[in-house]
Amino acid sequence: MNELEEVPIALSGLTLEEIEAFVLSLGLPKFRARQIHTWIYVKYAGSFDEMTDLSKDVRDLLKLKATLSSLELAHLQVSDDGTRKYLFKLADGKLVESVLMSFEDRATYSACVSSQVGCAVGCTFCATGYLGFKRNLTSQEIIDQVLAIQRESGHRVANVVYMGQGEPLLNVDEVIKSLHTMINSVGIGARHITVSTSGIVPGIERLAQEDLQITLALSLHAPDSELREQIVPITRKWSVEDLMDALYEYYKKTGRRITIEYVLLAGVTDSAEQAKELAMLVKRLHCNINLIPYNPTEALDGTVLYKRPTLEAQRRFKRFAESTGKTVTIRLERGTDIDAACGQLHNAFENDQAS
Ligand code: SF4
């Protein structure tokens, strides 16, 4: 394509107002935008030809000036338990991951989406951390992960978690825009959306101002600042006490219970002492605690830094963490026969391509 040729605009993932601006720019009446919006968000159309209430001329014009999706499926892994792990290629060729999970006890589907390509936080247990930060995703690219999953799987997504690659609150403007579109266009109830952060205090404050009824999950991973700095390096700017204050204010503003995520690394974060410290640290918060037994991952150079705690150590930690009356759960794992932790599929795919 030479420089003077127009690049077709991807419509999937745009807001109604953005689609309206696009149809008006083509000289089409504004109501066409509502029809296209319905085809994308309600009927999961995979092509303009499916949009049968548009005339053939309009469909032909759309095919010339637009594409439907901003992403292309690069790779799909399906686990024995039905978990579907997607690797999507963006318009600039970069790759992001998303996951679709279902739970036997609930006939609902949850999508886990990425908010950045790579991640700057550098958690020492995470494969994405090794990739470094590449770029922020746009709101459209975040939304389009859910739409592409719905189109591919044929399942309606009921819950969305911002827990894939990236730190959502380091891309806070686009993430907030995507939250509004997720609620208003995709139709996911705010209470069915979780944003998971490693603890970016200004981002937590900014999100609180939106006063959305979403769930905020904090990846705490250590009960004291010193150990936390080693595991979640970028957050050294804020002590765990600053973080607790920010969460307390978040709760006061939104009235929403916080989820505390805590990864159990054998011999590093899984002692009974640390469980008691954790219980005391979050005592004044309205929160529940979710323990994540570590799934060993290999860095690109093949090193494995941490080990998974034994079942006995997991249960002991849970018992002590419950000492101040909080609800403590051990995360149910999905897709363990495929690379289900964030960054793992991406790394495996790049390794395959390289070999
Ligand atoms: S765990 Fe999340 S925040 Fe930490 S490096 Fe991985 S993607 Fe980034």
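If a residue must be surrounded by fewer than 16 Cβ atoms within 10 Å (Cβ to Cβ) and either within 22 Å of Tyr109 (Cα to Cα) or at pLDDT below 95 (or both), how many such residues does segment 27-45 contain?
3
For segment 116-132, which residues satisfy the criterion of being more than 9 Å from the ligand (Cβ to nearest atom) and touching a Gly at 6+ places or on another chain (Cβ under 6 Å)?
Gly132
Being without any contact (Cβ under 8 Å) to a residue 60 or more places away in the chain, under 20 Å from the mean Cα position of the chain (by Cα) and over 28 Å from Ala127 (Cα atoms), is that true of even one residue in segment 259-269?
Scanning segment 259-269 turns up no residue that is without any contact (Cβ under 8 Å) to a residue 60 or more places away in the chain, under 20 Å from the mean Cα position of the chain (by Cα) and over 28 Å from Ala127 (Cα atoms).
State all residues of segment 150-193 that are farther than 24 Å from Leu73 by Cα and within 15 Å of the ligand (Cβ to nearest atom); if no residue qualifies, say none.
Matches in segment 150-193: Leu169, Leu170, Val172.
Being surrounded by 16 or more Cβ atoms within 10 Å (Cβ to Cβ), among the polar types (S, T, N, Q) and closer than 15 Å to Gln145 by Cα: is that true of Ser70 here?
Yes, satisfied.
How about segment 83-126: which of its residues are among the small types (Gly, Ala, Ser) and outside any loop (DSSP other than H, G, I, E, B)?
Answer for segment 83-126, where residues must be among the small types (Gly, Ala, Ser) and outside any loop (DSSP other than H, G, I, E, B): Ser98, Ser102, Ala107, Ser110, Ala111, Gly118.
Within the set of pairs 6 or more residues apart or between chains, which connect a residue that is of a type outside the set (Ser, Thr, Tyr) inside segment 303-315 to a residue that is surrounded by 15 or more Cβ atoms within 10 Å (Cβ to Cβ) and in a helix (DSSP H, G or I) with Cβ atoms less than 8 Å apart?
Every condition considered, the pairs that remain are Pro309/Phe317.
Yes or no: segment 140-149 includes at least one residue that is more than 9 Å from the ligand (Cβ to nearest atom), under 18 Å from Gly203 (Cα atoms), at pLDDT 95 or above and surrounded by fewer than 22 Cβ atoms within 10 Å (Cβ to Cβ).
No; the residues of segment 140-149 include none that is more than 9 Å from the ligand (Cβ to nearest atom), under 18 Å from Gly203 (Cα atoms), at pLDDT 95 or above and surrounded by fewer than 22 Cβ atoms within 10 Å (Cβ to Cβ).
Within segment 228-249, does at least one residue satisfy the condition of being closer than 19 Å to Gly129 by Cβ and without any contact (Cβ under 8 Å) to a residue 12 or more places away in the chain?
There is at least one residue in segment 228-249 that is closer than 19 Å to Gly129 by Cβ and without any contact (Cβ under 8 Å) to a residue 12 or more places away in the chain.
Going by the structure shown, is Leu311 surrounded by 13 or more Cβ atoms within 10 Å (Cβ to Cβ) and modelled with pLDDT of 90 or more?
No; evaluated as a whole, the condition is false for this residue.
Can you run down the residue pairs with Cβ atoms below 8 Å, 6 or more apart or on separate chains, where the first is in segment 156-173 and under 19 Å from Arg206 (Cβ atoms) and free of Cβ contacts under 8 Å to residues at least 40 places away in the same chain and the partner is basic (Lys, Arg) and more than 9 Å from the ligand (Cβ to nearest atom)?
Leu169/Arg206; Val172/Arg206
Which residue pairs have Cβ atoms under 8 Å apart, sit 6 or more places apart or on different chains, and have a first residue in segment 207-219 that is more than 13 Å from Val161 (Cα to Cα) and among the hydrophobic types (A, V, I, L, M, F, W, C) and a second that is within 16 Å of the ligand (Cβ to nearest atom) and at pLDDT 95 or above?
So the pair list comes out as Leu207/Leu169; Leu207/Val172; Leu207/Val195; Leu207/Leu216.
Where residues in segment 314-355 are modelled with pLDDT of 90 or more and not in a helix (DSSP H, G or I), which of them is farthest from the chain's Cα centre (by Cα)?
Gly325
The values are calculated or read from the model by the stated rules, or taken from the named source; none is laboratory data. Note that this is a predicted model, so its numbers are computed, not measured. Cβ: placed from backbone, ideal geometry, glycine included. Neighbour counts: every protein chain shown.
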